[in-house]
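One structure is given below, encoded as structure tokens.
Here, each number is a calculation from the coordinates, and none is a lab measurement. As the structure is a computational prediction, the values presented were derived from the model and not from experiment. When we count neighbours, we look across all protein chains shown, and the Cβ atoms used for this are built from the backbone with ideal geometry, even at glycine.
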Amino acid sequence: KAAESTADNVSALIDSIVELGRTTLEHGKLPGIDDAEKKKMLTENIAMLEEFEFDFGDRPVAFEAMRIEGLCYQEMGQMDKAEGKLRLAASLRERLEEAGIEPNDYHRNVMRGGVLALVRMLIKAGRHKEAVAAADEAFKYDKDLVNAEPGMVLSLEKAQALFDSGDAAG
């Protein structure tokens, strides 16, 4: 029972840290926050998430933390760092393949969230062809994505990228 209790406590701690990262990011997006305070808050959040990623390495929850960290960088306008973290978050698929692990629903949610955030960031940065390529790659490797809600959203983002790049027919 003590071992089960410890495992439950660790799981609750992991969930709490990721949720704190998510909440802090959303707080940083609120209008009316002083730029210096916003930068300080998001920088501290990034440091916490980096430490978390270091502690949990290749566990899927670390990839979720990378996605949140990438969004923090994006919110601060550091697009190169944001892109790196979002690409890492989306790379969970490759890590699972290397380990011979079949993705479960949680894995798919982490991967899909990473790809969607990456595509949105690339569109925002005006890199429409790269956004389309990232979306196409996600659809290629995740056959269930087409019929899932994130797939529908990703299709709309891809359509926006095509339109913005001048490919209205696409």
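Beyond 31 Å in Cα-Cα separation lie the following of the pairs 38/143; 40/140; 40/129; 85/129; 81/129; 85/158: 38/143; 40/140; 40/129. For the stretch 76-163, the list of trypsin sites (Lys or Arg not before Pro) that fall in a loop by DSSP and count at most 14 other C-beta atoms within 10 angstrom reads 143. Taking the inverse of the mean reciprocal distance over all distinct Cα pairs, the Kirkwood hydrodynamic radius of the stretch 75-122 comes to 11.2 Å. Each residue, residue 165 and residue 20, gets one label point 7 Å from its Cα in the Cβ direction; the gap between the two is 4.1 nm. Once backbone amide H atoms are built at 1.01 Å from N, residue 33 has no partners under 5 Å, excluding neighbours fewer than 5 places away on the same chain.
Spin-label point model (7 Å from Cα, Cβ direction): what's the residue 98 to residue 146 distance in nm? That separation, rounded to one decimal, is 3.0 nm.
Consider all pairwise Cα distances in the stretch 37-88 and report the whole-number % of them above 12 Å. Summing the P(r) of the stretch 37-88 above 12 Å gives 58 percent of all pairs. Given +1 at the Cβ of Lys and Arg, -1 at the Cβ of Asp and Glu and no other charges, the dipole of the stretch 90-170 around its Cα centre is 240 debye to the nearest 20.
Diffusion coefficient of the chain by Stokes-Einstein, Kirkwood radius over Cα pairs, 4 °C, 1.567 mPa s: 76 µm²/s.
Between 84, 32, 113, the residue with the greatest mean-square fluctuation in the GNM of the chain (Cα pairs under 10 Å linked by springs) is 32.
Please compute, over every Cα-Cα pair in the stretch 100-147, the percentage with a separation greater than 18 angstrom. It works out to 31 percent of all Cα pairs.
When Rg and the Kirkwood radius Rh are both evaluated on Cα atoms of the stretch 16-65, their ratio Rg/Rh stands at 1.04. Around the Cα centre of the stretch 30-170, unit charges on the Cβ atoms of Lys, Arg, Asp and Glu (plus for the first two, minus for the last two) sum to a dipole of about 360 debye.
In the chain, a dipole from Cβ-located charges (positive for Lys and Arg, negative for Asp and Glu) runs towards its positive end, and of 84, 11, 96 it is 84 whose Cα lies farthest in that direction.
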